[in-house]
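These notes are about the structure you will find just below.
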Amino acid sequence: MMDLVILCVTSLFTMINPLGVVPIFISLTSQFSPAESKKVALKAGLVSFITLALFALSGKIIFDFFGISVPALKVIGGVLFFAMGYEMLRGRSVPKKLDSETVTEFGEEIAITPLAIPMITGPGAITMVLILMQDANTIPAKLVVLSSILVVMILTTAILISGKKLINVMGPSGSKVMMRLMGLIVMLIAVEFFFAGITPYIKTIVETVR
């Protein structure tokens with residue numbers, strides 16, 4: 001059972017890659033106080049856990065009912081990532097706070113999108129929990145998968161909260177440079193996700209034409 005725990009935690013942690021989310025989190029909450037940033041991180045972690053748990057328990061049923069495929073998730077995830085990366089490359093964070101919004105309202109918005117979905121709970125993480133849950137043939141094994149999701153989300157939240165301290169180390173200039181570099185990386189990830197998702201559709205079209 002311990003081997004299953006290690007497998008689930010390491011696989012999901014690697015797929016989510018919380019360290020890769022830190023620069024985006026820092027960029028989006030750069031004007032927030034430490035307490036407000038902590039609230040955003042906590043809500044993002046909670047929303048991510050609920051989302052992954054729901055997909056683990058009923059994801060296959062939902063996908064089959066609506067005819068949704070994993071490649072479709074990758075395509076839309078790639079589009080969202082590319083738009084986000086492009087804005088970061090231009091030195092902007094997405095989404096933008098509206099004049100009519102309070103800091104609390106804006107924090108709740110970015111905690112859900114883009115932090116929880118699709119940055120933390122992306123196509124890769126959703127696919128991973130679906131695979132892990134399908135391979136779990138017993139009730140204890142399924143509970144291990146759900147517990148592993150909780151552990152990874154706690155670690156992710158802790159990393160995001162700690163990541164805020166990087167601003168004080170790097171300073172404003174260093175933060176801007178990191179945001180642009182991460183924007184480029186996010187765009188590259190987006191391209192990989194997009195083409196990985198659209199390839200099966202292209203193959204199907206080619207085979208149909210033949």
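Distance from the alpha carbon centroid of segment 136-167 to that of segment 1-50 works out to 8 angstrom.
Potential lengthening of the chain between L188 and T127 amounts to 19.9 nm, from the contour at 0.36 nm per residue minus the alpha-carbon distance. Computed over the chain, relative contact order equals 45 percent, with contacts defined as Cα pairs under 8 Å that lie 6+ residues apart.
Taking Cα centre as origin and charging only the Cβ of basic (Lys, Arg, +1) and acidic (Asp, Glu, -1) residues, the dipole magnitude of segment 1-78 rounds to 180 debye. Computed from Cα positions, the angle between helix 34-66 and the longest principal axis of the chain comes to roughly 20 degrees. In this structure, the pairs whose alpha-carbon distance is over 18 Å, taken from K39/K74; K38/K165; K39/K165; K74/K203, are K39/K74.
With Rg/Rh (Cα atoms, Kirkwood Rh) as the read-out, I listed [x] 1.06; [y] 1.03; [z] 1.00; which label goes with the value calculated from this structure? Here Rg/Rh (Cα atoms, Kirkwood Rh) agrees with entry [z].
Here the peptides 118-128, 16-26, 65-75 are ranked by packing, the mean other Cβ count within 10 Å, and the order with the highest first is 118-128, 16-26, 65-75. E109 contributes about 70 Å² of solvent-accessible surface, heavy atoms of the protein only, 1.4 Å probe.
The values are calculated or read from the model by the stated rules, or taken from the named source; none is laboratory data. Computed from a prediction, not measured in an experiment: that's the story for all the values here. Reconstructed Cβ throughout: ideal geometry from the backbone, glycine too, with neighbour counts over all protein chains shown. SASA here: full protein model, heavy atoms, side chains in, ligands and nucleic acids out. Shrake-Rupley method; radii C 1.70, N 1.55, O 1.52, S 1.80 Å.
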